[in-house]
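Have a look at the structure below, then the notes.
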Amino acid sequence: MLDIATGIATGMEYLHQGCNQRILHFDIQPHNILLDYSFNSKISDFGLAKLCARDQSIVTLTAARGTMGYIAPELYSQNFGGVPYKSDVYSFGMLVLEMVSGRRNSDPGIEN
């Protein structure tokens, strides 16, 4: 499990720091993590991704992106506009929480 989480973190680090342009995924969740035969993790589904310059730490959005339960609070709690690229890290944290606890971090069938 640690190797899977480390692989995801390494992939995110590459997307955020290793490319010529920063790639913000905006949908890090279990359905978007693929495992090969050796359980090496691969980040997939870049349909909601956004490119930005590497020197930009804030990106502009006009609507929330992602899957409920994994969306960083700043993505849906403000009137949109500037969002830090580190919102993917929040999604990763929620994913790791599920991996460690063995259960979903939210249940859409339960009302608050």
Self-check item: region 20-56, residues that are in a loop (DSSP other than H, G, I, E, B), hydrophobic (A, V, I, L, M, F, W, C) and in contact (Cβ under 8 Å) with a residue 24 or more places away in the chain
Solution: Phe26, Ile28, Phe39, Ala49
Quiz prompt | Lone unmet requirement of (1) within 21 Å of Glu13 (Cα to Cα); (2) among the charged types (D, E, K, R); (3) at pLDDT below 80 for Asp107 | solution = (1)
Practice problem: Assess whether Ile71 counts as being within 14 Å of Val89 (Cβ to Cβ) and among the aliphatic types (A, V, I, L, M). | Solution: yes
Quiz item: Would region 70-81 turn up any residue that is modelled with pLDDT of 85 or more and either of a type in the set (S, T, N, Q) or not in a loop (DSSP other than H, G, I, E, B) (or both)?
Solution: no
Self-check item: Residue check, Ile58 touching a strand residue (DSSP E or B) at 6+ places or on another chain (Cβ under 9 Å), among the hydrophobic types (A, V, I, L, M, F, W, C) and at pLDDT 75 or above
Solution: no
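The values are calculated or read from the model by the stated rules, or taken from the named source; none is laboratory data. Here the structure is a predicted model, which means the values were calculated and not measured. Here Cβ is always computed from backbone atoms with ideal geometry, including for glycine, and neighbour counts include all displayed protein chains.
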